[in-house]
Structure formats: structure tokens, C-alpha cells
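A short write-up of the structure that comes next.
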Amino acid sequence: MYLYRFEVIGESKTMPVIVVAKDDHQAFEQVDVELEKYFLSLPDYEEIVLFEKKRIGNSSGYVLPAFSK
């Protein structure tokens, strides 16, 4: 299993999406699922960018610089 960090680029903003999946294909599909759950319908976006991919071991994590001051 892998921990993926995506950035979804929309018309007005960019948002990070973090998912766990067994491969890249499943990860990209899960991004759509998570966006649809969050917004209740799939929003319009320009592109989904895979930012990082890490194998899940005893511990894994990401620093999200967009949310730091």
C-alpha cells in the first residue's frame, strides 16, 4: 500500500488530497471518490497532479506547506 499526496487544481483554487491505495490507478480513482464525498457532487477541476508517493511502513506522513504560516 502507498500513501499518495495529490493536488487538485481548480479554476479558483488548488486543494491537497491525501489517499491510500495499492497502485496509481486506484489512487487516481480514489481522488474522484473523495472529492465527490466532500463536495456532494464531483466539482469541475482542470487537473489532478500526483505530488508525492510513499510506501506505507511503520509510519508515513506529509508536510502540507499550503497550510503553514
Options Val63, Val20: the member that is within 23 Å of Met1 (Cα to Cα) and modelled with pLDDT of 90 or more
Val20
Filtering segment 15-69 down to residues that are out of contact with any Gly (no Cβ under 9 Å at 6 or more places or on another chain), of a type in the set (Ser, Thr, Tyr) and in contact (Cβ under 8 Å) with a residue 24 or more places away in the chain yields Ser60, Tyr62
Give the residues of segment 16-25 that are surrounded by 14 or more Cβ atoms within 10 Å (Cβ to Cβ) and either more than 8 Å from the chain's Cα centre (by Cα) or polar (S, T, N, Q) (or both), sorted by residue number.
Ala21
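The values are calculated or read from the model by the stated rules, or taken from the named source; none is laboratory data. Only a predicted model underlies this, so the values are computations on that prediction, with no experimental measurement involved. Note that each Cβ is placed from the backbone with ideal geometry, even for glycine, and that neighbours are counted across all protein chains shown.
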